[in-house]
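Notes for the one structure printed next.
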Amino acid sequence: MEEREISQAVIRRLPRYYRYLGELLEHGVERISSNDLSKRMKVTASQIRQDLNNFGGFGQQGYGYNVKYLYTEIGKILGLDNQHNMVIIGAGNLGQALANYAAFEKRGFVLKGLFDVNPRLVGITIRGVEIRMMDELSDFIQKNDIEIGVLAIPKTRAIDVANVLVDNGVRAIWNFAHTDLNLPDNIIVENVHLSESLMRLSYNITRYNMEHTDNS
């Protein structure tokens, strides 16, 4: 069967479905209709059905969705049933915060190494992972089957480090550096610009305040 092209908008919604279904499982919910799920997620029921139909539907008319089954299947679609080995580059405040996030392992993301240029950090361990120096990076990637590189470093170093990761076989980069990376098309990049998120929040606060000032 020919695999259909799934839109990025649908892919962006899949983790939300996964999270809400996980919460339903924690509360002992066995099945749910698209209408009930839409009320929780603030997404229309038709949108939910359209999204899930891209992958086969999963629902039964008159029954709805089996929560555990749908949760498991979306996890498989997202690749969460596989192990993804990763390294974090940059062991400052952000890098250490990411390293301390234990939920990564629950989703199959296994932190294998932490790297930095600061010699004072050598040998410090975070949740059992030792901080190493950058001159060990290339050899470490090749010996530990590293699939994902996490950039938690200043933008001035991000492009050079990203190229080192790619040259040594890393296929995906989670980029927290405040710059866009110009990498080969076959490298998967997920940019996380924290300041842009704050700017969007600022815009919405400003708009809200203006609307309520005008109405007062």
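The values are calculated or read from the model by the stated rules, or taken from the named source; none is laboratory data. Here the structure is a predicted model, which is why all the values come from computation and not from measurement. Cβ atoms come from the backbone with ideal geometry, glycine included; neighbour counts cover every protein chain shown. Areas reflect the complete protein model, heavy atoms only, side chains present, ligands, DNA and RNA absent. Shrake-Rupley method; radii C 1.70, N 1.55, O 1.52, S 1.80 Å.
Computed quantities for the displayed model
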quantity	calculated
Cβ pairs under 7 Å, 6+ apart, first in the range 13-40 and touching a residue at least 24 places away in the same chain (Cβ under 8 Å) and over 14 Å from residue 66 (Cα atoms), second open to solvent by less than 20 Å² (accessible area, probe 1.4 Å) and of a type outside the set (Gly, Ala, Ser)	13/51; 14/74; 16/41
The range 108-144, residues that are touching a residue at least 12 places away in the same chain (Cβ under 8 Å), basic (Lys, Arg) and within 17 Å of residue 93 (Cβ to Cβ)	127
Members of the range 105-129 found to be surrounded by fewer than 17 Cβ atoms within 10 Å (Cβ to Cβ) and within 23 Å of the chain's Cα centre (by Cα), listed by number	105, 106, 107, 108, 110, 127, 128
Among residues of the range 164-216, those that are polar (S, T, N, Q) and over 19 Å from the mean Cα position of the chain (by Cα), counted	9
Members of the range 145-173 found to be open to solvent by 50 Å² or more (accessible area, probe 1.4 Å) and either within 22 Å of residue 119 (Cβ to Cβ) or touching a residue at least 40 places away in the same chain (Cβ under 8 Å) (or both), listed by number	145, 147, 154, 156, 157, 160, 164
Matching residues in the range 23-35 - criterion: being touching a helix residue (DSSP H, G or I) at 6+ places or on another chain (Cβ under 9 Å) and surrounded by fewer than 16 Cβ atoms within 10 Å (Cβ to Cβ)	23, 25, 29, 30, 33, 35
Residue identified as at pLDDT below 95 and hydrophobic (A, V, I, L, M, F, W, C) among 87, 122, 117	122
Number of positions in the range 70-90 that are of a type in the set (A, V, I, L, M) and assigned to a helix (DSSP H, G or I)	3
